[in-house]
Amino acid sequence: MSKKYVYLFQEGRSNMRDLLGGKGANLAEMTHIGLPVPPGFTISTEACNAYYEYGKQLTEEMRDQVMTALRQLEETTGKQLGNVENPLLVSVRSGAAISMPGMMDTVLNLGLNDETVVGLARLTQNPRFAYDSYRRFIQMFSDVVLGVDMYHFEHLLEGVREAKGYSADPEMTAEDWQEVIVEYKKIVEKQIRKPFPQNPMEQLFLAINAVFESWNNQRAIVYRKLNKIPDHIGTAVNVQSMVFGNMGNDSGTGVAFTRNPSTGEAVLYGEFLINAQGEDVVAGIRTPEPIAQLEQEMPAVFQQFKEVCTRLEQHYKDMQDIEFTVEHGKLYFLQTRNGKRTAQAAIRVAVEMVEEGIIDKETALLRVDPDQLNQLLHRRIDESAEKNVMAKGLPASPGAATGKVVFDADEAEELGNAGEKVILVRPETTPDDIHGIVAAQGVVTSRGGMTSHAAVVARGMGKACICGCEAIQIDLKAQRFHVGSLEIHHGDIISIDGSTGEVMKGAAKMVDPELSPQFQQLLGWADEVRQLKVFTNADTPHDALKAREFGAEGVGLCRTEHMFMDPARLPIVQEMILAEDDEARKVALDQLLPMQQDDFEGIFRAMEGLPVTVRLLDPPLHEFLPDFEDLLVEITKLQITAPQSEELKELEQMMRKVRQLKEMNPMLGNRGCRLGLLHPDIYEMQAKAIFYAAATLIKEGTAVYPEIMIPLVGHVHELQILREVVEKAGAMVMEETGVTISYAIGTMIELPRAALTADQIATQADFFSFGTNDLTQTTFGFSRDDAEGKFLQTYIEHKVLPENPFAVLDQEGVGKLVETGVRLGRQTKPNLKAGICGEHGGEKSSIDFCYRAGLNYVSCSPYRVPLARLAAAQATIRNAK
Ligand code: PEP
Ligand code: MG
């Protein structure tokens, strides 16, 4: 039996996405539900793979199936490809299973040649339209299929316009276009040394091949990499009979979203152009009219359009992104797909669709990608501060950004990768600029609409973007732009606000984000569903409060070393480290104790009523001391200039200690509980500070739940000894203050040995907190300070590893240790509380893993708390399914 590669639209359905691509499946579905869709057929993604396997050509079988489908299309439309009397014209478009807007190629008006164009002119009684279509076809086909640079055509056209004294294309007459066509064909012949193909069948097969080829063009490859789309899924090709939006003023074309993709507001949102073809809208060449204008210009069409939009939302149960064309007053739908949207819009649409009864809460929770929430949790422009607005464009993708002006995507990439903040400013962007957009803080274009490629791509990435900012006059050659008399040069700092469209001179003041009511609503639903608790990693009362505002249910990790880094304290910390004997150390510790107590009171107060997990000192001591090389230089200098000075003596003493503490592998050295064992008085001081703080607050009537955590335990004896130190401190403080404090003592599980002997460790621990940063470091044997900068990037590029394991938990390896740790720990204590406080606690796939591994909580940085709440809810819902 031969394989089926080609499907008429009426043969497909929306669930055949993998086979027909998103566009093909949707065209089939729209046909199925009776929408006005121009007929056509889809060549499957399997055909794409077969095309590559067969040495980059269509097999006989595929060609035969295309011919059969074409004949059926000819029958349905009553037109024929290449027929002079009644020519069928088709579009040939790409469409993968996962949408890749603008990344692959399209050919329109296929079927036109020197003869059929005459027929089209006669049939439409519109020669101008016919010849314009033909020249567009030559241009597009030559670019996409024959590889002729567009520049040649544009250059020629510009010359013709100038010679005739026209300012824009609509002034061109049929005769003018005929002249242009003659010249276009000469260009093609000169460039490819063959005439422009006149045989429509040949055109069709060449175009199909070109679309398959475009699966592997540079921008498609980059886009797939960025969006983690597999390379092997291939694209489908859709061949569809053309309808024309450029048949006159009763025709037009547009793109629209059923809701605003930027804010989520439930109003039709989009743009259209009268008397134009689709590519004019998305390419951002002419700035289109807002869709509301259609109501004025074609009220009946608008009414029908609105009705179908409602129907489409009800059918697909999601916001739709629609391409439509009006041909002589008749409306056609060319495409519909779930619309890309900002985080803000994703939330609002999800919440309102629940309120409208279109979807249920669980569906709403699954609709929002936790990663997208970052966009909302970032800083925005402070509206109360003065801002130096110089121009306003279309607010195409929200968020605010400040950076240096650059005019070139390659430069943006180069500077961005070097850590510079840049804003990419372009007349318009094409998908070829995508690498520059990735590396920039934001994008501004002077032309193009809200649905131009720049906008779509930026929104997908959550980058601030302003489009169609026509007040800006860019001079690429001189590397500057003008706004009126104001001149901004390459390298000058500007700020942009993608929510208002404002472009500002200089660095605008920014403020912290807040959660919108819909966001709160959605997170409220998430809280109803999720089983994992969400704690935060916070070292200051400020961070703790912020996290609480975002919904944190406690502090899962308070890293006390950050309190030691304070410049006012560092000298005392150094004294503590440099102390030659216990007595001298005690002096320093006595000074530090009230300071630490103060720190803990602040955090306990901020987290009133919620647990606070305080980790005792963890990093290697040399981190608090001056750098060895710096000291060496300083001492050498003093030996020459002031050999007798006190300063030199002090520095030399410091040097001796630094040398003594210096380690080859400090991260595997004297840190964590090892420090506590060598200097129990440090841990004792910290424990006392915690208990004194707790006692003070309890006396005030504030509920506190301190949990004390010992880092880097690898053997149960370490924990056993340090547990006693803490318990002793607790007993002493309770006796002294007369306050009873209920507390817990637990440990980080962040070494493989700890995970593997968790049953023993659990005898001494009230809770476990998986420190997956160190656990990843020690499981892989990757230095966490060096790996990411040195070799991990190469590993990921060459697919040695699928992801950076410091960002996304390695479930197969590190995860196995987590599972083992939980299982063994609970063998000893069935109700042992276990959580995670490594960076992975704020990453969605790792959170899903934590849920499956049976952890009780995740702990992450304050700004990731909302993300974690949502991801935790999704974990419950997904795993129940
Ligand atoms: C960890 O190792 O995962 C952890 C949370 O501790 P730190 O990052 O402070 O070493
Ligand atoms: Mg650690």
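Taking the fewest neighbouring Cβ atoms within 10 Å as the starting point, the ordered list for His562, His315 is His562, His315. Here each label is just a point 7 Å from Cα along the line to Cβ, and for Glu74 and Ala174 those points are 2.6 nm apart. Cross-link partners of Lys4 among aspartates and glutamates, defined as those whose alpha carbon lies under 16 angstrom from its own and excluding same-chain residues fewer than eight positions apart: Asp18, Glu46, Glu60, Glu61, Asp64. Normalised by 2.2 N^0.38 Å, where N is the number of residues, the alpha-carbon radius of gyration of region 350-402 equals 1.64.
Taking Cβ atoms as reference points and 13 Å as the exclusive limit, the residues near Tyr151 contribute a net charge of -4, counting Lys and Arg as +1 and Asp and Glu as -1. Pairs of Cα atoms nearer than 8 Å and 6+ residues apart set the relative contact order; for the chain it is 9 percent.
Converting the Cα gyration tensor eigenvalues of region 289-354 into ellipsoid dimensions via √(5λ) gives semi-axes, longest first, of 24, 13, 11 Å. Excluding Leu651 itself, what net charge comes from residues whose Cβ is under 14 Å from its Cβ, given Lys and Arg +1 and Asp and Glu -1? So the surrounding residues net to -3.
Using a/c under 1.5 as the rounded threshold, could you call region 1-80 rounded, prolate or oblate? The axes a ≥ b ≥ c are square roots of the C-alpha gyration tensor eigenvalues, and prolate needs a/b larger than b/c, oblate otherwise. Here region 1-80 falls in the oblate category. Each Lys and Arg contributes +1 and each Asp and Glu -1, all at the Cβ; summed about the Cα centre of region 421-533, the dipole is approximately 200 debye.
For the chain, a crude dipole built from +1 on the beta carbon of Lys and Arg and -1 on the beta carbon of Asp and Glu, taken about the Cα centre, is about 1820 debye to the nearest 20.
Along region 72-80 the Karplus relation, 6.51 cos²θ - 1.76 cosθ + 1.60 evaluated at θ = phi - 60°, assigns HN-Hα couplings of 5, 5, 5, 5, 4, 8, x, 10, 9 Hz to successive residues, with x for each Gly and Pro.
In this structure, Asn879 and Gln644 have a Cβ-Cβ separation that, at R0 = 60 Å, corresponds to a calculated FRET efficiency of about 0.25.
Neighbour counts of C-beta atoms inside 10 Å place Lys533, Lys477 in the sequence Lys477, Lys533, starting with the fewest. As a proxy for reagent exposure, Tyr5, Tyr332, Tyr795 were ordered by neighbouring Cβ count within 10 angstrom, fewest first; the result is Tyr795, Tyr332, Tyr5.
Take the alpha carbon atoms of region 571-585, find their center, do the same for region 816-881, and report the distance between the two centers in whole angstrom. Spelled out, the Cα-based centre of one part sits 40 Å from the other.
Out of Leu112, Asn83, Ile496, whose Cα points farthest toward the positive end of the dipole of the chain (charges: +1 Lys, Arg; -1 Asp, Glu; placed on Cβ)? Farthest towards the positive pole: Asn83.
Per-residue ellipticity at 222 nm from helix content only, as computed over the chain with -39500 (n - 2.57) for each DSSP H run of at least four residues, stands at -14000 deg cm²/dmol. In this structure, the pairs whose alpha-carbon distance is over 21 Å, taken from Lys699/Lys833; Lys186/Lys477; Lys228/Lys533; Lys317/Lys881, are Lys699/Lys833; Lys186/Lys477; Lys228/Lys533. Taking a 22 Å limit on the Cα-Cα distance, which of the listed pairs Lys586/Lys637; Lys225/Lys340; Lys637/Lys657 fall beyond it? Lys586/Lys637, as the Cα separations exceed 22 Å there.
Based on alpha-carbon atoms, the Kirkwood radius and the radius of gyration of the chain give Rg/Rh equal to 1.06. Working note: Karplus 6.51/-1.76/1.60 with θ = phi - 60° gives region 630-645 the couplings 4, 4, 4, 4, 4, 5, 4, 4, 5, 4, 8, 8, 9, x, 9, 6 Hz, where Gly and Pro are set to x. Region 661-680 and region 205-256 have their alpha-carbon centroids 59 Å apart. Beta bridges from DSSP with both residues in the chain: antiparallel share about 60 percent, rounded to the nearest 5. The alpha-carbon atoms of region 333-485, seen along their principal axes, cover 55, 43, 32 angstrom, with the largest extent given first. From the residues Met319, Gln344, Gly329, which one has its Cα farthest along the dipole of region 307-375 in the positive direction, the dipole being from +1 and -1 charges on Cβ of Lys/Arg and Asp/Glu about the Cα centre? Farthest along the dipole direction, towards plus: Gly329.
Here the alpha carbons of region 1-46 define both size measures, Rg and Dmax, at 10.0, 34 Å. Please name which of Phe600, Ser241, Leu366 has its Cα lying farthest along the dipole of the chain towards the positive end, using unit charges on Cβ (Lys, Arg +1; Asp, Glu -1) and the Cα centre as origin. Of the options given, the answer is Ser241.
All other residues whose Cβ lies under 12 angstrom from that of Ser251 are scored, Lys and Arg at +1 and Asp and Glu at -1, for a net of -2.
The mean of 1/r over all pairs of different alpha-carbon atoms in region 460-538, once inverted, gives a Kirkwood hydrodynamic radius of 16.6 Å.
For region 271-387, the mean projected area of the C-alpha convex hull, equal to one quarter of the hull surface, is 10.3 nm².
Stokes-Einstein diffusion for region 591-669, with the hydrodynamic radius set to the Kirkwood value over Cα pairs and evaluated at 20 °C in a medium of 1.002 mPa s, equals 135 µm²/s. Computed from backbone phi, the HN-Hα couplings of region 667-678 come to 5, 10, x, 7, 9, x, 5, 5, 4, x, 6, 6 Hz, rounded to whole numbers (Karplus: 6.51 cos²θ - 1.76 cosθ + 1.60, θ = phi - 60°; Gly and Pro given as x). Here the contact order of region 576-730, divided by its residue count and restricted to Cα pairs under 8 Å and six or more residues apart, works out to 38 percent. Region 113-166 and region 685-715 have Cα centres lying 78 Å from one another.
A short reminder: the numbers here are calculations on the coordinates, not readings from a lab. Keep in mind it's a predicted model, so treat the numbers as computed, not measured. Note that we place each Cβ from the backbone using ideal geometry, even for glycine, and neighbour counts take in every protein chain shown.
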